[in-house]
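To start, the structure itself, in C-alpha cells.
Please treat every number below as a calculation from the coordinates, not as lab data. As the structure is a computational prediction, the values presented were derived from the model and not from experiment. Cβ placement follows ideal geometry from the backbone for every residue including glycine, while neighbour counts extend to all protein chains displayed.
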Amino acid sequence: MNAPTSSIGARPNDYTAYPDANGRFGDYGGRYVAETLMPLVLDLGEAYAAAKVDPEFQAELSGYLKHYVGRPSPLYFAERLTQHYGGAKIYLKREELNHTGAHKINNCMGQILLAMRMGKTRIIAETGAGQHGVATATVCARFGLPCVVYMGAVDVERQKPNVFRMNLLGAEVRPVTSGSATLKDAMNEALRDWVTNVHDTFYIIGSAAGPHPYPAMVRDFQAVIGNETRQQLWELEGRLPDVVVACVGGGSNAIGLFHPFLNDEHVKIVGVEASGDGMSTHRHAAAINGGRPGVLHGNKTYLIQDPEGQIEEAHSISAGLDYPGIGPEHSWLHDVGRAQYLTCTDKEALAAFQLCAELEGIIPALESSHALARLPECVDMAGKDGIVVLNLSGRGDKDVATVAEHLGRTI
Amino acid sequence: MTVSRIDRRFAALKAEGRAGFVAYVMAGDPDKATALKILQGLPAAGADIIELGFPFSDPMAEGPPIQRAAQRALAKGMTLKATLETVAAFRKGDADTPLILMGYLNPLVTWGFEAFAQDAAAAGVDGLIIVDCPPEEADPLADALDAAGIALIRLATPTTDDKRLPVVVRRTSGFVYYVSVAGVTGVKEADAAAVAPNVERVRKASGLPVAVGFGIKTPERAAAVAEVADAVVVGSALVDEVAAAGELNEDVTARVLSKAESLAKAVRLARRVAV
C-alpha cells in the first residue's frame, strides 16, 4: 500500500506551488545578485528546471543516493525517548547514517550531477562547521572535479578535523579572513569567486538559501527526507505524523522534511532555531525569532541585523546553525503560519545531546540536538496517542571535542 | 530637478571632447569628518562626478580594498544617515558636481525606499548604484527614486549579452555603469581593447553615456579606458590611499586628493594624446 501523496493543485493554499516564476515565496526569496551573476543564475534556473523533469537525471540521482549515499535512511522508533517523555511516539529519521554522516550529501549529489550536465568543470562551496564542505569535497572526489571550499578563518581553527577531511578528499580549503571570518563571510567569498570565474565554475550552496533557484533546488534535493518519511511511517503506522520537527540554521534539512507535508494541514510543522546564550543576550542565531526581513546573499529573508541594516554575527554552540539568515521558504512559512519556529539555547542542546546518547545509543550532531531539546513541546502538541517525527540530521562525532569542553572534561 | 545635474555634466564633457573622471570614495573612511574633507576636495582635484560608497557589512561584489574601507567606516560608527549628512554638507559648497551613492540594498530596505529616496534627494544625491539589486528586483526601488527625481544607475557587465542588455537598461537614466571585468572591484585589470566594443554596445542600447569601472588602478589604465568610454571610474586605488596614509601616518586628505589629481589628469589628457 502506498502513502497518500499530498494534493498538488491550484487551491489557494497550495503550499507546494512556491516559489513563483520570480523565485518568490510570498515576499521572500528572489534573485538579489550582482549583474555579472544574473545570467548565470538564470541559466542555472533553466538547467535545473529541465533536469527536474528529466527521468534520466532523476534515475541517475536515485541510483547514487541508493548505492553511494546509502538511502533510504531508516525511520527508527525511539522507544526509550518515547518512554522518557511518556506521551506521543517519537520516530527519528536517521539522516546521520548517510555517507559523510549528515543530510548534506543529498543536495551535493544532486547539484554535482547538475553541474556536470551543464558542462561545468570546477566546483566551489562555502562551509561553516565543515559538514557541507566535506560532503561537497566527497562528491567532487567521486566525480573527479576540482573543489575549492571557502571557510571562515575562525571556523577553520575550531573545526580542524573537518579541514583535514576535506584535504584528504582532495579539496582546497581557503580560509576567509574578511568580515567576521565565519560562515556568512565564507559565502561572500564564494560569491566573489563565482563572479570572477563565471565560465567554468559551479557554486554548490549547502543551505536552502541564496538566489533563486537555490532555495527551491536545495529543498527539492532534500525533500527525499520527507518523501521517505511519509512512505516509511505509512508502512509502520498506516498514518501520517502529527508533528514533524527539525533544527533550522539555513534550514535545508528542515525544509527537506517539511515540504512533502505542507499540504497536510493537520501535520504540525516545527522548526527549532539556535538561541545560543539566550534570546535576551543578542548572542544567538535565531533569524526568525530575533531578526527582521532584509536582503543578503541573493535572497530576501529574515536576518539578524542591527538597526542600520548591517548584518550581525550569529552565535551558536553548533557551527552548522551559526548563520544570521534562514532560507526564504521558512520565512514565508512562518509569516503565513504554516510552520512554527521555536528556539533552543546552547545549554538545552547540550542536555539533549547527552540524553539522546544515553537513552538511544545515538550521538546526535549538536545541530540536531536543538530539535531534540524541543521534544517535550512536540510530544505535547502531538497528544498522548500521537506521533512525532524528528529529523536526526547528522551524527555528533564531529562535536565530541566541543561538548567535552563545555562539560569541563578533557579528552 | 536633480537628475539633470548628471545630464548637464555629461553634456559639458561631450562639448569639451573628453571623458569624465569619476572618483569613488567611502563615506566615513577613515572617519566622517576626514571623508567629508576628501569629498570637498575632489572636484578641485579633477573629479567630474563623485561616487560615494555607503558601507555594508557584507559587500559581496567588492575586492579587498573596498571591503576594508567599509570595515574601517563601520568601525567608526558610520551609518546611512551620517552618509546623507555628509552629502548635504558637501552640497552646501558644490551645486554642480553630480553625486552618486553606491552600496548594497539592505540598509535601504531598513530605511524604507520611499522615505530614503525623499531624504536622499533633499540631501543632494543625484543617483544611486545598488550592486545587489538587478533589474528583476529593482522596480520597487526604481518607483521610489523616480518619484524623488533620483537616477537608478544600472550596471552592465561582460556577462550581459545582447539578449539581456535591453532588460538591464530598462528604466535607467543618467548613465550606465559598465563593469569592465568579470570579478570583484579592484582585482583584475581592465583591458581597454576588450572594453571598447562593449561600451559601444551599451551606449547604443541605452542611448546614454557609459562610465567604465572595476579594475582601473593606474593613470595609464585610466587614460587607455578614457579613450573609449564617456567616463572612467576609479575606486579601489583611491581607498587604498586612505589605508596607506593611515599606515604611514601621513595626511589622508592630501594623499587621496593627490592620487585623484594624477588620475584626473590622465583622463583629461587621454584623447588629446590619442588624436
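Between the beta carbons of residue B:75 and residue A:177, assuming R0 = 25 Å, the FRET efficiency works out to 0.95 to the nearest 0.05. Counted by Cβ distance under 12 Å from residue A:107, the other residues give a net charge of 0, where Lys and Arg count +1 and Asp and Glu count -1. Per-residue Karplus couplings for the stretch A:254-269, computed as 6.51 cos²θ - 1.76 cosθ + 1.60 with θ equal to phi - 60°, are listed in order as 5, 5, x, 6, 6, 3, x, 9, 4, 8, 8, 5, 7, 7, 7, 10 Hz, Gly and Pro entered as x. Phi-derived couplings, Karplus 6.51 cos²θ - 1.76 cosθ + 1.60 at θ = phi - 60°, listed residue by residue for the stretch A:179-184: x, 9, 6, 10, 4, 5 Hz, with x used for Gly and Pro. Once you divide the Cα radius of gyration of the stretch B:127-225 by 2.2 N^0.38 Å, the number left is 1.07. The residue among A:168, A:181, A:191 whose Cα reaches farthest toward the positive pole of the charge dipole of the stretch A:95-223, with charges on the beta-carbon of Lys, Arg, Asp and Glu, is A:168. Among B:143, B:240, A:385, the order by Cβ neighbours within 10 angstrom, fewest to most, reads A:385, B:143, B:240. Farthest toward the positive end of the dipole of the protein assembly as shown, out of B:242, A:339, A:267, is the Cα of B:242, where the dipole comes from beta carbon charges about the Cα centre.
Shape analysis of the stretch A:297-411 based on the Cα gyration tensor places the equivalent ellipsoid semi-axes at 27, 22, 11 Å, largest first.
Over all pairs of distinct alpha carbons, what does the Kirkwood formula give as the hydrodynamic radius of chain B, in Å? Its Kirkwood hydrodynamic radius stands at 18.2 Å. Packing, as the average of other Cβ atoms within 10 Å across residues, places the peptides A:128-135, A:30-37 in the order A:128-135, A:30-37, highest first. Fewest neighbouring Cβ atoms within 10 Å first, the residues A:57, B:56 line up as A:57, B:56.
Let me know the whole percent of all Cα-Cα pairs from chain A that are separated by more than 39 Å.
Values: 8611 of 84255 pairs.
For chain A, the fraction of Cα-Cα distances above 39 Å is 10 percent.
Checking Cβ-Cβ separations below 4.7 Å across chain A identifies A:108, A:247, A:344, A:356, A:378 as cysteines lacking any candidate disulfide partner.
Counting only other chains, what is the mean number of Cβ atoms within 10 angstrom of the Cβ of each residue in peptide A:294-303? List each step's numbers first, then the result.
Numbers: counts 6, 11, 9, 3, 4, 0, 4, 0, 0, 3.
Across A:294-303, the average partner-chain Cβ count within 10 Å equals 4.
Against the empirical curve 2.2 N^0.38 Å, the C-alpha radius of gyration of the protein assembly as shown lands at a ratio of 1.00. The alpha carbon convex hull volume per residue for the stretch B:214-275 rounds to 69 Å³.
How much net charge surrounds residue A:47 when only the other residues with a Cβ under 12 Å from the Cβ of residue A:47 are counted, with Lys and Arg +1 and Asp and Glu -1? The partial results should precede the final answer.
Values: positive: A:52, A:117, A:120; negative: A:43, A:46, A:54.
Spelling it out: positives minus negatives among the neighbours equals 0.
Look at the stretch B:129-136: the mean tally of other chain Cβ atoms within 10 Å of its residues' Cβ atoms is 6. Note on A:27-33: average number of Cβ atoms from other chains within 10 Å of each residue's Cβ is 4.
Given the DSSP H assignment, sum -39500 (n - 2.57) over each helix run of at least 4 residues in chain B and divide by its residue total; what's the result at 222 nm in deg cm²/dmol, nearest 500? It would help to have the intermediate numbers written out before the result.
On the way: 12 runs with 145 residues, N = 275.
Computed ellipticity for chain B at 222 nm equals -16500 deg cm²/dmol.
Treating only the Cβ of Lys, Arg, Asp and Glu as charged (+1, +1, -1, -1), what charge dipole size does chain A show about its Cα centre? Round to the nearest 20 debye.
Result for chain A is approximately 600 debye, rounded to the nearest 20.
A Cβ-based charge dipole, computed about the Cα centre of the protein assembly as shown with Lys and Arg at +1 and Asp and Glu at -1, lands at about 1020 debye.
Judged by the mean number of other Cβ atoms found within 10 Å, the most tightly packed of the peptides B:31-44, A:387-400 leads the ranking A:387-400, B:31-44. In the protein assembly as shown, a dipole from Cβ-located charges (positive for Lys and Arg, negative for Asp and Glu) runs towards its positive end, and of A:369, B:40, B:226 it is B:226 whose Cα lies farthest in that direction. Percent relative contact order of the stretch A:117-235, based on C-alpha pairs within less than 8 angstrom and at least six residues apart? Reported as a whole number, the value is 28 percent.
Using only helices, what value at 222 nm comes out for chain A when you add -39,500 (n - 2.57) per DSSP H run of length 4 or more and divide by the total residues, to the nearest 500 deg cm²/dmol? Mind dumping the intermediate values first?
Working: 17 runs with 168 residues, N = 411.
Helix-only estimate at 222 nm: -12000 deg cm²/dmol.
Using a simple charge model, +1 on the beta-carbon of Lys and Arg, -1 on the beta-carbon of Asp and Glu, nothing else, what dipole does the stretch B:83-225 show about its Cα centre, in debye to the nearest 20? Please list the in-between numbers first.
Details: 13 positive and 18 negative charges, 90 e Å.
Value, rounded to 20: 440 debye.
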